[in-house]
1. How many residues are part of a loop (DSSP other than H, G, I, E, B) and over 10 Å from residue 29 (Cα atoms) if we restrict to the stretch 50-70?
2. Which one is modelled with the lowest pLDDT among residues in the stretch 1-49 that are of a type in the set (Val, Ile, Thr) and in a helix (DSSP H, G or I)?
Amino acid sequence: MTRKIRIWVLLALLAVGATSLFALPPNEVDWEYYTDSSFSTLCGEKILFCNGHVWKWGCQTAYYYSWTYPC
């Protein structure tokens, strides 16, 4: 293949890959993490926003509640 064709193929592959990398989530998701199975002490939270950004603080454990909200 000529150099020009290789460049066009590379650009096309990058364009296809870039669209899937920046797909936005269909829902906003909020997780609240607790220290143990009693769910009495909140120790952290994580939110995946509709714009794709993630905000989190504290710890992440196996004990959590989650909620989803349509975007």
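The values are calculated or read from the model by the stated rules, or taken from the named source; none is laboratory data. Everything numeric in this text was worked out from a predicted model, so none of it was measured.
1. Residues of the stretch 50-70 that are part of a loop (DSSP other than H, G, I, E, B), as a first pass: 50-53, 59-63.
Among the residues that remain, those that are also over 10 Å from residue 29 (Cα atoms) are: 51-53, 59-63.
Final tally of qualifying residues: 8.
2. Just the residues of the stretch 1-49 that are of a type in the set (Val, Ile, Thr), to begin with: 2, 5, 7, 9, 16, 19, 29, 35, 41, 47.
From the residues that got through so far, the ones that are in a helix (DSSP H, G or I) too are 5, 7, 9, 16, 19.
Details: 5: 75, 7: 75, 9: 76, 16: 60, 19: 53.
Ranking the candidates gives 19 first.
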